[in-house]
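One structure below.
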Amino acid sequence: MVEKHSVGGKDVWIKVDPRPVHRENPNVIPTEYFTATIFFKEPTENESGGETITEDGEAKLFESPVAALSFARKAAEKKQPEQLE
């Protein structure tokens, strides 16, 4: 899922991807997390150039797409105006 947002008067795209979790016991939840990537230019087919939200050097995992989208939007809002260009 990719959503376009306006942040500081600039267009920003946020892509949320599912990240399955392989567990020995499939009844342990959650079985899926989500990651978020911010694009400051409209993403293309190859989707390069995005900034994945990370934590401790790894992609930050969110329990829902809404949580991933909300966190990524707040992260984009914290960028300096020149970083949005």
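Of (1) 1.16; (2) 0.95; (3) 1.03, which one was derived for Rg/Rh (Cα atoms, Kirkwood Rh) from the structure shown? Computing Rg/Rh (Cα atoms, Kirkwood Rh) and matching it to (1) 1.16; (2) 0.95; (3) 1.03 gives (3). Remark: accessible surface ordering of Thr35, Thr44 (largest first) is Thr44, Thr35, probe radius 1.4 Å. Overall, the chain carries a charge dipole of about 240 debye about its Cα centre when +1 sits on the Cβ of Lys and Arg and -1 on the Cβ of Asp and Glu, all other atoms neutral. Between the amide H of Tyr33 and those of Arg19, Val21, distances stay under 5 Å, these residues lying 5 or more places away or on another chain, with hydrogens modeled in the peptide plane. Relative to the dominant Cα principal axis of the chain, helix 65-77 is inclined by about 30°. Taking the accessible area of the chain, probe 1.4 Å, and keeping the other protein chains in place, the carbon and sulfur fraction comes to 47%. What net charge is computed for the residues neighbouring Leu61, neighbours being all others with C-beta under 9 Å from the C-beta of Leu61, Lys and Arg scored +1, Asp and Glu -1? Around Leu61, the charge tally is -1. Farthest towards the positive end of the charge dipole of the chain, among the residues Asn46, Pro65, Pro26, is the Cα of Pro65, using unit charges on the Cβ of Lys, Arg, Asp and Glu. Only helical DSSP H runs with n ≥ 4 go in: add -39500 (n - 2.57) per run for the chain, normalise by residue count and round the 222 nm mean residue ellipticity to 500 deg cm²/dmol. Roughly -5000 deg cm²/dmol at 222 nm, from the helical runs in the chain.
When Ile29, Ile38 are compared by accessible area at a 1.4 angstrom probe, the order from most to least is Ile29, Ile38.
Count Lys and Arg as plus one, Asp and Glu as minus one, and take only other residues whose Cβ is under 15 Å from that of Val2; the net charge is then -3.
The values are calculated or read from the model by the stated rules, or taken from the named source; none is laboratory data. From a predicted model like this one, the values you see are computed outputs, not experimental measurements. All Cβ positions, even for glycine, are placed from backbone atoms using ideal geometry, and neighbour counts span all protein chains on display. SASA here: full protein model, heavy atoms, side chains in, ligands and nucleic acids out. Shrake-Rupley method; radii C 1.70, N 1.55, O 1.52, S 1.80 Å.
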